[in-house]
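S.K.: After the structure tokens below, expect a handful of questions from me.
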Amino acid sequence: VNGTGTAASFNVPMGITTDGTNLYVAEYSSNKIRQIVIDNGTVTTLAGPGSSGSVNGTGTAASFNTPMGITTDGTNLYVAEFGGHLIRQIVIDNGTVTTLAGSVSSTFADGTGTEASFKSPGGVTTDGTNLYVSDTFNYLIRKIE
């Protein structure tokens, strides 16, 4: 539920990151990415309608399949989509969601963009240049340049 402070609620929040002004939460069971304004505690849905899927789009027109890890470079959010086997990118300013890497098949392959594949990526972080992904069931840490 969106709201301010204790009026808001979450359904299995898994990952969290910040850009210094907002917190961003990967909400696993509701398949949403939520935004919390740090100064006043206002919680809104940045992306995801609440139903499961791996559809690119803007805001609630995009969907996620159990998002788990989340990080930011200050302009974009990067989400490890555990159930969808994808790494998704969200433009913070407008909520546009695209698939950065992976395919919906649960396998292993190195490659560029959707030529790569993951098996349930769980965590994601950035060093400002590259993304690093914990590819959970391939038992690997993967680098996206």
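The values are calculated or read from the model by the stated rules, or taken from the named source; none is laboratory data. This structure is a prediction, so every number in the text was calculated from the model and none was measured. Heads up, the Cβs are rebuilt from the backbone with ideal geometry, glycines too, and the neighbour counts pull from every protein chain shown. Calculation scope for accessible area: heavy atoms of the full protein, side chains included, ligands and nucleic acids excluded. Shrake-Rupley method; radii C 1.70, N 1.55, O 1.52, S 1.80 Å.
S.K.: Residue by residue through the stretch 59-75, what is 3J(HN,Hα) from phi via Karplus (6.51 cos²θ - 1.76 cosθ + 1.60, θ = phi - 60°)? Round to whole Hz and write x for glycine and proline.
M.R.: Along the stretch 59-75, the couplings run x, 7, 7, 8, 9, 10, 10, 6, x, 10, x, 8, 8, 9, 9, x, 10 Hz.
S.K.: For Lys32, Lys143, Lys119, write out the residues from largest to smallest accessible area, computed with a 1.4 angstrom probe and no ligands counted.
M.R.: Listed by decreasing accessible area, they come as Lys143, Lys119, Lys32.
S.K.: Computing the accessible area with a 1.4 Å probe over protein heavy atoms, can you report the carbon and sulfur percentage for the chain?
M.R.: With neighbouring chains kept in place, the figure for the chain is 52 percent.
S.K.: Could you give the length gained on full extension between Thr75 and Ser105, defined as 0.36 nm per residue of separation minus the Cα-Cα distance, in nm?
M.R.: Separation in residues times 0.36 nm, less the Cα-Cα distance, equals 8.0 nm.
S.K.: Assuming R0 = 25 Å, can you tell me the calculated FRET efficiency for the pair Ala7 and Thr98, based on Cβ-Cβ distance, to the nearest 0.05?
M.R.: 0.20
S.K.: Taking the chain as a Gaussian network, Cα atoms linked when under 10 Å apart, which of Phe118, Phe64, Phe108 shows the biggest mean-square fluctuation?
M.R.: Sorting by GNM fluctuation, first place goes to Phe108.
S.K.: Here's another thing I want to ask about it. Which order do you get for Glu27, Glu145, Glu115 if you rank them by accessible area with a 1.4 Å probe, largest at the top?
M.R.: Correct descending sequence by accessible area is Glu145, Glu115, Glu27.
S.K.: Here's a follow-up. With a 1.4 Å probe and all protein chains left in place, how much accessible area per residue does the stretch 38-139 have, in Å²? Could the numbers behind the result be given before it?
M.R.: Details: 4300 Å² over 102 residues.
Computed with neighbouring chains in place, this is 42 Å² per residue.
S.K.: If you take the beta carbon distance between Val37 and Tyr132 as r and set R0 to 41 Å, what does 1/(1 + (r/R0)^6) give as a FRET efficiency, to the nearest 0.05?
M.R.: That gives a FRET efficiency of 0.90.
S.K.: Next question, about the same structure. Leaving ligands, DNA and RNA out of it, work out the accessible area of Tyr132 with a 1.4 Å probe and give it in Å² to the nearest 10.
M.R.: 70
S.K.: How many angstrom lie between the Cα centre of the stretch 1-52 and the Cα centre of the stretch 56-122?
M.R.: One Cα centre to the other: 17 Å.
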